[in-house]
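Read the structure below first, then the notes.
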Ligand code: NAD
Ligand code: MG
């Protein structure tokens with residue numbers, strides 16, 4: 001049976017991996033919407049190949065360019081943030097939410113409100129608006145299928161009552177600076193930070209992996225997706241990225257999901273669920289691997305982990321504030337305006353300054369996001385001078 005799919009963030013790393021799977025199963029998927037931020041040439045090429053109903057570019061200034069690129073193709077063209085939301089409301093059977101950052105929140109929520117299936121890669125939107133997003137899914141009957149490899153692993157390992165779960169453990173590769181001292185991390189470059197040892201990903205999440213803020217955001221993500229409480233959520237460093245996460249039950253059984261470090265595996269799991277589909281990924285060779293390694297995370301060298309735990313414990317507006325500050329700080333680091341250690345330090349400073357109240361609506365989340373970004377931008381200037 002043919003199903004329809006929309007891909008938000010089609011030109012990104014997750015978007016491309018998703019389209020690779022669609023490309024291999026063209027007779028099974030009808031593409032409804034493809035979106036990108038500003039990469040018009042790439043989006044137009046994908047639109048010509050996948051023939052969506054609509055191609056949307058988030059940057060409103062790019063509309064004419066996209067219309068020109070797709071003239072005569074019979075594909076509707078739209079631009080701007082409101083157009084992204086309209087495209088999400090078209091309600092494809094599956095919506096792949098693969099925009100990076102809080103910019104994905106509005107279209108992701110619109111897709112959830114349609115009550116269909118949302119394959120969620122865009123962790124920042126869940127971090128910023130976790131309670132609201134989970135409530136919207138309950139209200140609409142939408143199914144949120146986690147695409148983040150750890151959460152997809154946990155989803156695959158979970159069965160039965162959450163009361164019978166003793167512990168959920170997220171694995172972390174530890175990133176490129178796993179063995180670096182605090183001093184060594186002080187002088188790392190953006191090039192070193194985006195060179196992840198196991199995964200090929202977009203720039204923002206690669207830097208997040210290097211600071212381990214990625215694992216912090218994932219802890220918040222897990223807190224919402226799998227409501228077992230913070231005390232039953234744990235992190236372990238596993239440098240090989242073979243075990244993608246695990247669930248321990250009260251009887252002493254631990255169920256883990258293993259697989260190659262290729263996002264097409266969790267994406268395929270979400271696209272085919274509750275069925276399975278083939279991927280071209282090389283299977284694991286455990287004999288060659290010989291051993292699996294684990295170590296405890298170092299909360300001192302990676303303060304982002306402590307910040308994320310505090311954000312969950314305090315709740316309210318903290319997670320949205322943390323996400324906003326981190327997005328600004330990561331962008332500033334990639335622009336070489338601040339150092340690597342300043343990334344977590346900026347979020348920590350914002351934490352000390354203001355405790356935002358809980359957002360009660362999407363409107364509140366966007367206000368909090370905007371205010372936190374503005375303050376984080378000021379801190380970037382301060383840290384850049386220091
Ligand atoms: P990416 O930077 O490669 O791609 C991001 C996509 O979002 C692009 O299509 C871009 O055009 C679009 N985009 C960027 N800013 C936008 C804006 N302001 N408005 C609208 N669209 C915008 O990122 P990625 O690595 O594919 O990650 C996407 C999401 O998936 C992130 O939330 C990330 O944390 C999550 N994720 C990624 C991976 C991975 O392996 N790459 C793994 C797990 C989770
Ligand atoms: Mg992950």
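The values are calculated or read from the model by the stated rules, or taken from the named source; none is laboratory data. Owing to the predicted nature of the structure, the values given are computational and were not obtained by experimental measurement. Cβ: placed from backbone, ideal geometry, glycine included. Neighbour counts: every protein chain shown.
Mind checking which residues of segment 142-169 are closer than 18 Å to residue 18 by Cβ and surrounded by fewer than 19 Cβ atoms within 10 Å (Cβ to Cβ)?
Listed by number, the list holds a single entry, 143.
With more than 30 Å from residue 255 (Cα to Cα), buried (at least 18 other Cβ atoms within 10 Å of the Cβ) and either within 13 Å of ligand 1 (Cβ to nearest atom) or without any contact (Cβ under 8 Å) to a residue 60 or more places away in the chain (or both) as the only criterion, which of 44, 139, 82, 111 stands out?
Numbers: 139 fails: buried (at least 18 other Cβ atoms within 10 Å of the Cβ); 82 fails: buried (at least 18 other Cβ atoms within 10 Å of the Cβ); 111 fails: either within 13 Å of ligand 1 (Cβ to nearest atom) or without any contact (Cβ under 8 Å) to a residue 60 or more places away in the chain (or both).
The unique qualifying residue is 44.
Would you confirm whether or not segment 34-41 contains a residue that is modelled with pLDDT of 95 or more, more than 11 Å from ligand 1 (Cβ to nearest atom) and under 30 Å from residue 331 (Cβ atoms)?
Yes, segment 34-41 contains at least one residue that is modelled with pLDDT of 95 or more, more than 11 Å from ligand 1 (Cβ to nearest atom) and under 30 Å from residue 331 (Cβ atoms).
Hey, could you check segment 1-27 for residues that are touching a strand residue (DSSP E or B) at 6+ places or on another chain (Cβ under 7 Å) and not in a strand (DSSP E or B) and say which is farthest from ligand 1 (Cβ to nearest atom)? It would help to see each step written out before you state the result.
Just the residues of segment 1-27 that are touching a strand residue (DSSP E or B) at 6+ places or on another chain (Cβ under 7 Å), to begin with: 2-11, 15, 18-19, 22.
After this cut, where a residue has to be not in a strand (DSSP E or B) as well, the list is 2, 9-11, 15, 18-19, 22.
Working: 2: 25, 9: 3, 10: 6, 11: 4, 15: 5, 18: 9, 19: 11, 22: 15 Å.
Selected residue: 2.
Sort out which residues of segment 61-96 are closer than 16 Å to residue 47 by Cβ and part of a loop (DSSP other than H, G, I, E, B), and write them in order of number. Step through it out loud before you land on a result.
Initial filter on segment 61-96 (closer than 16 Å to residue 47 by Cβ): 62-79, 83-84, 87, 90, 92, 96.
Selection gives 70, 71, 72, 73, 74, 75, 90, 92.
In segment 224-246, what residues are farther than 28 Å from residue 283 by Cβ and within 16 Å of ligand 1 (Cβ to nearest atom)?
224
Scan segment 142-193 for residues that are within 16 Å of ligand 1 (Cβ to nearest atom), closer than 26 Å to residue 111 by Cβ and over 16 Å from the mean Cα position of the chain (by Cα) and report the count.
Selection size over segment 142-193: 1.
Where the second residue is in a loop (DSSP other than H, G, I, E, B) and more than 16 Å from ligand 2 (Cβ to nearest atom) and the first is without any contact (Cβ under 8 Å) to a residue 40 or more places away in the chain and over 14 Å from residue 120 (Cα atoms) and lies in segment 1-25, which pairs have Cβ atoms under 7 Å and are six or more apart or on separate chains?
Cβ pairs passing all conditions: 11/39; 19/10.
Taking the condition of being touching a residue at least 60 places away in the same chain (Cβ under 8 Å), away from ligand 2 (no atom under 14 Å from the Cβ) and buried (at least 22 other Cβ atoms within 10 Å of the Cβ), how many residues in segment 120-131 meet it?
Residues meeting the conditions: 2.
Take residues that are in contact with a strand residue (DSSP E or B) (Cβ under 8 Å, 6 or more places away or on another chain), within 14 Å of ligand 2 (Cβ to nearest atom) and more than 25 Å from residue 332 (Cβ to Cβ) and tell me which of the helices (runs of 4 or more DSSP H) falling wholly in segment 177-252 contain 2 or more. Walk me through how you get there before you give the answer.
Working: elements: 182-185, 190-194, 203-211, 213-225.
It comes to 213-225.
Hey, which of the helices (runs of 4 or more DSSP H) in segment 284-346, taking only ones fully inside, have at least 2 residues that are at pLDDT 95 or above and within 15 Å of residue 214 (Cβ to Cβ)? Let's see the steps before the verdict.
On the way: elements: 286-289, 303-314, 318-334.
The helices (runs of 4 or more DSSP H) meeting that bar are 303-314, 318-334.
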